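Reviewing the structure listed below.
The values are calculated or read from the model by the stated rules, or taken from the named source; none is laboratory data. Given the structure is predicted, the values throughout are model-derived calculations rather than measurements. Positions of Cβ are generated from backbone atoms using ideal geometry, with glycine treated the same way; all protein chains shown enter the neighbour counts.
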Amino acid sequence: MAEKKQQKRAIIDMDIHERVTYDELLPYLDNPWQRYIKDTNWVQEKHLPYPILGAAGLDRADAQVPDGRPAGNDLSFMQQQLLDDVGHEAGILTGAGDPSPSSMNGWYEMAVALATAYNDWQIENWLEKDDRLYGSVHIAAQDPASAVREIERVGSHPKMVQVLLPIDDRPWGDPYYHPIFEAAERHNLVIGMHHQEPPNYYGKFPRYFVEWHSVMPNTHMIQVSSMIFNGVFEKYPNLKLAMIEAGFTYIPAFMKKMDQQYKVLRHEVPWVKRMPSSIVKDHVRVTTQPVDELTRDEFLKFIDLMDSDEIVCFSTDYPHWDYDSPFRALPPLGEELEQKIFAENARKLYPKLPARERKVTQ
Amino acid sequence: MKEVVCKKEELSPGNIMSANVGPIPIVLCRTPDGEFYAFTNKCVHQGAAMSEGVLCGAPAPTDTPGEYNYEKEGEILRCPWHGIEYDIKNEGRMLVDPNRKLGNFNVSFEADNVIVSTKQ
Ligand code: FES
């Protein structure tokens, strides 16, 4: 249902899932990859042992394209249901996780081909068709040299703003992946991490989806600590990390925890030169969604404990079942903080987003 | 406020539709036993249009982990977004928190017409 009033303030939405079908990727693939998909009906392996139990599964029940195509597959329907209806200034595309080249556990050459095809498809069908949409560079991070080549190939596209890494079971801070961060920094690209289907229960899956989904922040914490304690931000001082889709309430506790651990264990990681909480404040941003229901007072306490109002950035997660409405998800927070959360923190994070429009006063 | 929203046969049992009572968007539900129920077409959580949701059943609360007794088929309205379950035969109350419910409307009939009116 169309919202009657548009959001009054600028919105930069850090998590919008566009969806490709394998058929649509075929023209962007060479052989043998094209034949492999066509002849064997190949689709990427999935790991979740349960269905996602929204009313219609993974997607909002009202987001399926009216002609029956899957949610997120059609730009004009997305424009109508999200970008125009809400009044987005900008949105960042994060893929639909299928394919997710960096998640592949075998045949990395295929992963490389898929990442390249995906980027070309994304640029042609989304980034160059709507001014408001910005993109993520998909890579096959298992093969850092190929990943760097792909960042070199498309990273300077004016609408590519980040490199996307899925959260599965590889902690990305490992020096093996550092060439990716070097290339991202050189191209003014943020590293965006979004969970794929991580085993988050002692390396396996918990019995119920509600458990898996509730402990998702754990997998984000693993990545944040991996990036910090492997010295990524000391090595690449201009690199920024966007942790997408685990909310933000875990951050203050985790900042305190890492600081306390660092004080007693610094001798293990002497390349880390300052308090983890200070690294988080300078380098890490997180999204609101999926938002925990908070009163204004509760919300402000979390911001206070982070000691920064620049870490939290708004996202909807459209078209997924746990979409957050820009009109209803957050309590009223006051003009200044709302401007930061809904747009300005993201604008500061992504150097390639347009500058803030200056209000013309009569 | 009162409005003829449809003919009885326009909504078959087990289905839902959107309609308006004056300016107010509503969701009209017809349970498998043929009864009609009408609620505000807005989820109390983040405001999704309930008419885009699904009419389904729900596993009954149980004391035994692992036990599923699926009941109330066609009497539970699940929100199209986050999937909160509302019991339409219990005034549209949330299963998870019966203190919260969808706005209720009266449903009456004149011949074949389904009439929805605001509660007095
Ligand atoms: S909007 Fe209905 S459950 Fe969230």
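Structure summary
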quantity	calculated
Contacts under 7 angstrom Cβ, first residue in segment A:168-187 being under 14 Å from A:N230 (Cβ atoms), partner at pLDDT below 95 and in a helix (DSSP H, G or I), 6 or more apart	none
Conditions (1) touching a Gly at 6+ places or on another chain (Cβ under 9 Å); (2) more than 30 Å from A:R207 (Cβ to Cβ); (3) within 13 Å of another protein chain (Cβ to nearest Cβ); (4) not small (G, A, S); number of the one not met by B:K101	(3)
From the options A:A56, A:A63, residue that is within 12 Å of chain B (Cβ to nearest Cβ), modelled with pLDDT under 95 and either in contact with a strand residue (DSSP E or B) (Cβ under 6 Å, 6 or more places away or on another chain) or surrounded by 14 or more Cβ atoms within 10 Å (Cβ to Cβ) (or both)	A:A56
Conditions (1) more than 12 Å from chain A (Cβ to nearest Cβ); (2) of a type outside the set (G, A, S); (3) assigned to a strand (DSSP E or B): number failed by B:K89	(3)
Hits in segment A:86-128 (condition: closer than 30 Å to A:A355 by Cβ and part of a helix (DSSP H, G or I))	A:V86, A:G87, A:Y118, A:N119, A:D120, A:W121, A:Q122, A:I123, A:E124, A:N125, A:W126, A:L127
Residue check for A:L164: in a helix (DSSP H, G or I) and out of contact with any Asp or Glu (no Cβ under 9 Å at 6 or more places or on another chain)	no
Qualifying residue in segment A:150-160 (condition: of a type in the set (D, E) and under 17 Å from A:G192 (Cβ atoms))	yes
Members of segment B:1-24 found to be surrounded by 14 or more Cβ atoms within 10 Å (Cβ to Cβ), within 14 Å of another protein chain (Cβ to nearest Cβ) and of a type in the set (S, T, N, Q), listed by number	B:S18
Candidate set from segment B:29-48 (those that are surrounded by 17 or more Cβ atoms within 10 Å (Cβ to Cβ) and away from the ligand (no atom under 15 Å from the Cβ)); member that is farthest from the other protein chains (Cβ to nearest Cβ)	B:F36
Positions within segment B:62-86 being within 14 Å of the ligand (Cβ to nearest atom) and part of a loop (DSSP other than H, G, I, E, B), in sequence order	B:C79, B:P80, B:W81, B:H82, B:G83, B:I84
Subset tally (residues that are crowded, with 17+ Cβ neighbours inside 10 Å and either away from the ligand (no atom under 16 Å from the Cβ) or within 9 Å of the chain's Cα centre (by Cα) (or both)) for segment B:49-61	3
Lone qualifier among A:A63, A:A55 - being under 24 Å from A:E124 (Cα atoms), touching a Gly at 6+ places or on another chain (Cβ under 8 Å) and of a type in the set (A, V, I, L, M, F, W, C)	A:A63
A:D39 vs. criteria outside any loop (DSSP other than H, G, I, E, B) and over 30 Å from A:V312 (Cβ atoms)	yes
Criterion (over 27 Å from A:I139 (Cα atoms) and in contact (Cβ under 8 Å) with a residue 24 or more places away in the chain) met by exactly one of A:Q64, A:Q44, A:Q81	A:Q81
Single residue of A:S156, A:S100, A:S146 found to be more than 14 Å from chain B (Cβ to nearest Cβ) and touching a strand residue (DSSP E or B) at 6+ places or on another chain (Cβ under 7 Å)	A:S100
Selection status of A:T316, of a type in the set (S, T, Y) and more than 16 Å from the ligand (Cβ to nearest atom)	no
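Every residue, every condition in (1) modelled with pLDDT of 95 or more; (2) at positive phi; (3) part of a loop (DSSP other than H, G, I, E, B); (4) of a type in the set (D, E), yes or no:
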{"position": "A:K4", "(1), (2), (3), (4)": "no, no, yes, no"}
{"position": "A:D15", "(1), (2), (3), (4)": "yes, no, no, yes"}
{"position": "A:E18", "(1), (2), (3), (4)": "yes, no, yes, yes"}
{"position": "A:G72", "(1), (2), (3), (4)": "yes, yes, yes, no"}
{"position": "A:S76", "(1), (2), (3), (4)": "yes, no, no, no"}
{"position": "A:Q81", "(1), (2), (3), (4)": "yes, no, no, no"}
{"position": "A:D84", "(1), (2), (3), (4)": "yes, no, no, yes"}
